[in-house]
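Bear in mind that the values in this text are calculations on the coordinates, not laboratory data. A quick note: this is a predicted structure, and the numbers were derived from the prediction, not measured. Glycine also receives a Cβ, built like all others from the backbone with ideal geometry; neighbour counts cover every protein chain displayed.
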Amino acid sequence: MKRIGAILCLSFILAAISAPMCFAAQGGLTIQDQYPKDGATGTSVENVSVKIWFNQDVRPETKEIRKANKEKVKLVDEKGKELPIYVAYNPKEEGQVMVLSSDQTKIKDDTKYTLTIDPGFQATNGDTLTTQDKVAFTTLNRTQATTVNMIMMGVMMVGMIFFTSRSMKKQQEKERANKGKTETVNPYKEAKRTGKSVEEIVEKDRKNKEKQAAAAAKRAEKEREVLEDLEEKKPISNNKRVTGPRPISAAGGKYKAPKKKPQAQKKNSGTRPKNQTGKQRNTKNKSNKNKK
C-alpha cells in the first residue's frame, strides 16, 4: 500500500509541474500562416509584401513596442544585404502583420529574398515569439514572362490564321459544289506539297469528284420533285374576264352621279391681263390716260 501511495503522489506532483508548461505553450505567441509561402516562386515585383497571421492580437499599444518589434523583423536578398522595410498592423484584423519594402526600387527580378522574424516579437498582451521564423520567396522574371506571353500570342495568331483559312477553303469548296463546279487538282504539284504519292492524290481527287457529282445529282432530283409537287398543287384561278367596262346600271344599280354645273369664267379686272406683252400693256395704259 505504501508503494502504491508513493506512486500516486509522484504522479500527482509530475502532473502539477507539467500543467503550467502546457498552458504556457498553448497560450504563447505563434505564427499560423504566411503569404507568400516559404519557397514560393513568381512573386510579383511591384509592391512586394509579406503577410503574416499570428494566433493573437499583436497590435502594439506604444511606440516603444512598435519600434522593438520592427527590429525583430529583417528582409534580406540572396547576398545577405538587408533591405529597408515598413511593418504595418491591420487595424481590422488583430493578428495580421504586413511587411513591405520601403524602397521598391531595390526589389529586382528573379531574386530570392528571405524574411526573418526573431524571437522576442511581442504581442499586445505581452506574449513573445519563442522561435525564429523564416520565409523565403523568389520574385518573378518579367523578361522571361514577357517572352512566354509573346510566344503564346504568336501561337494563337498562327492557329487563328490556320483555322480561318481552313474554314474559308471549306466554304469555297461548298460554294463550288453548289454551283456544280469542281476544282482542277494538279497531282504532281499536290504530291510535292503534301509528300504523298501521285496515285493517292489522283484517287482522292476521283472520289471527291464522284461525291460532288452524286451530291449535284441528288440536289437536281430534289429540285425536280419540288417542281412536280408545285405543278400538281397549282390552284385553279376563279377570275372571269369581261369584254369591256359596263355601267353600274347594267348590274341593277340605281345610283346616279350628280351633274356638275359649269363654272362661269371670271373676268380679269386687273391691270396686268394675262397673255399680253409689255408693249401691249404700255399702249393700253397710254390710251387710258388720254381718255381721262
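Summary table
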| item | result |
| --- | --- |
| Simple spin-label estimate for ALA191 and GLU61 in nanometres, 7 Å along Cα-Cβ | 9.5 nm |
| Length added when fully stretched, GLU94-GLU203, from 0.36 nm per residue minus Cα-Cα | 31.3 nm |
| Extension reserve of the THR130-GLU210 stretch, reckoned as 0.36 nm per residue once the Cα distance is removed | 20.2 nm |
| Rough spin-label spacing in nm, given labels placed 7 Å along Cα→Cβ, for GLU228 and THR164 | 4.7 nm |
| Per-pair calculated FRET efficiency, R0 = 22 Å: ASN149 and VAL76 via Cβ, rounded to 0.05 | 0.10 |
